[in-house]
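Only one structure is covered here, and it is reproduced in the block below.
The values are calculated or read from the model by the stated rules, or taken from the named source; none is laboratory data. Only a predicted model underlies this, so the values are computations on that prediction, with no experimental measurement involved. Positions of Cβ are backbone-derived with ideal geometry, glycine not excepted, and every protein chain shown enters the neighbour counts.
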């Protein structure tokens with residue numbers, strides 16, 4: 001059984017079972033305290049916090065860079081994934097052929113389709129990686145864009161597979177949305193095979209709303225920005241020290257409170273050790289999967305895939321959403337069922353409470 005090691009770092013009432021991190025993660029109490037003190041200092045006209053905005057956000061980027069093993073000048077702050085991703089799509093060549101996944105997150109698929117890119121899709125099922133590989137072989141896309149973990153089903157792509165297809169198709173630009181993944185396990189961008197990974201920080205990274213980032217490989221920077229960078233655009237003096245790519249993704253002022261909260265989340269993981277919190281959470285996830293399988297509450301794709309994320313879609317009639325919520329099980333209807341997720345602030349008691357409500361009020 002897992003130990004109740006991390007819940008004490010969060011302000012969670014005893015009667016609440018918070019299983020909706022896939023919708024929005026919680027803030028550690030230390031981050032809440034930091035935000036309160038930061039706001040107080042910011043409102044004071046005697047501080048120089050406004051003048052130090054650039055310096056502060058560079059510090060945030062340094063924290064992100066170290067956390068994901070990437071040079072700091074390949075990290076770009078954004079207000080969320082979607083804003084950064086839409087700006088990124090403006091640099092994708094108009095004649096690109098894009099590979100998407102059927103039913104992926106709307107903020108991933110819709111902006112691609114709406115811009116009129118030629119695209120092909122691969123199905124999300126037990127054979128996800130084979131589907132992707134066969135589609136690449138058949139249609140030869142130039143860009144592959146997808147969520148690392150699916151927001152409805154929790155299906156997680158095999159990360160070793162990404163490294164393999166990058167080795168086999170080195171010119172394929174591989175772009176991942178890490179919003180439902182980053183913060184759940186150690187991720188070394190430099191060895192990942194990805195060319196770009198973006199994320200919002202308000203879910204598993206415990207960063208609250210209003211922050212996100214994009215991570216770039218040197219290959220991606222060259223493919224998408226080398227032409228712009230060689231146009232010798234004359235920049236105003238106020239932009240001294242900024243490169244061209246920053247002007248795409250960091251064109252205006254960035255909220256230091258939001259970005260600082262993300263930094264606090266990262267430092268929280270650094271203090272505890274992401275390898276430790278990941279091992280803890282994945283043990284709890286394994287227990288949950290075993291118990292949910294016994295009750296036949298998971299889809300075949302979740303049951304049969306070796307890759308298991310921290311997200312489950314309970315195959316329960318959505319009319320029971322109110323039953324769960326009335327019993328203080330925080331969750332959300334998605335797809336054909338009800339979505340839950342386990343993070344480091346969950347424990348055995350949360351799992352036991354969920355199962356008890358299911359057994360006594362739903363499956364009876």
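Annotations for the structure displayed:
Residues are listed down the side, and each one gets a yes or a no for (1) touching a strand residue (DSSP E or B) at 6+ places or on another chain (Cβ under 8 Å); (2) over 22 Å from residue 298 (Cβ atoms):
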residue: 92; (1), (2): yes, yes
residue: 109; (1), (2): yes, yes
residue: 115; (1), (2): no, yes
residue: 121; (1), (2): yes, yes
residue: 143; (1), (2): yes, yes
residue: 157; (1), (2): yes, no
residue: 167; (1), (2): no, yes
residue: 196; (1), (2): yes, yes
residue: 202; (1), (2): no, yes
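- Remark: pairs (first residue in region 78-98, touching a residue at least 60 places away in the same chain (Cβ under 8 Å); second residue crowded, with 18+ Cβ neighbours inside 10 Å and assigned to a helix (DSSP H, G or I); Cβ separation under 6 Å; 6+ apart in sequence or on different chains) = 78/84; 78/249; 82/107; 84/249; 87/248; 87/249; 91/224.
- Residue in region 289-299 that is farthest from residue 212 (Cα to Cα), counting only those that are in contact (Cβ under 8 Å) with a residue 60 or more places away in the chain and touching a strand residue (DSSP E or B) at 6+ places or on another chain (Cβ under 7 Å): 297
- In region 227-253, the residue that is modelled with the highest pLDDT out of those that are within 22 Å of residue 65 (Cβ to Cβ) and part of a helix (DSSP H, G or I) is 249.
- So residue 339, is it within 20 Å of residue 16 (Cα to Cα) and outside any helix (DSSP H, G or I): yes
- Every pair of residues 6+ apart whose Cβ atoms lie under 6 Å, when the first sits in region 254-278 and is in contact (Cβ under 8 Å) with a residue 12 or more places away in the chain and not assigned by TED's automatic domain parsing to the domain that holds residue 50 while the second is surrounded by 18 or more Cβ atoms within 10 Å (Cβ to Cβ) and part of a helix (DSSP H, G or I): none
- Scanning region 130-151 for residues that are crowded, with 18+ Cβ neighbours inside 10 Å and under 20 Å from residue 105 (Cα atoms) turns up 132, 135, 141, 143, 144, 145, 146, 147, 148, 149, 150, 151.
For (1) surrounded by 15 or more Cβ atoms within 10 Å (Cβ to Cβ); (2) farther than 22 Å from residue 275 by Cβ, each residue gets a yes or a no:
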| site | (1), (2) |
| --- | --- |
| 13 | no, yes |
| 21 | yes, no |
| 66 | no, no |
| 70 | yes, no |
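- In region 347-364, the residues that are surrounded by fewer than 17 Cβ atoms within 10 Å (Cβ to Cβ) and touching a helix residue (DSSP H, G or I) at 6+ places or on another chain (Cβ under 6 Å): 361
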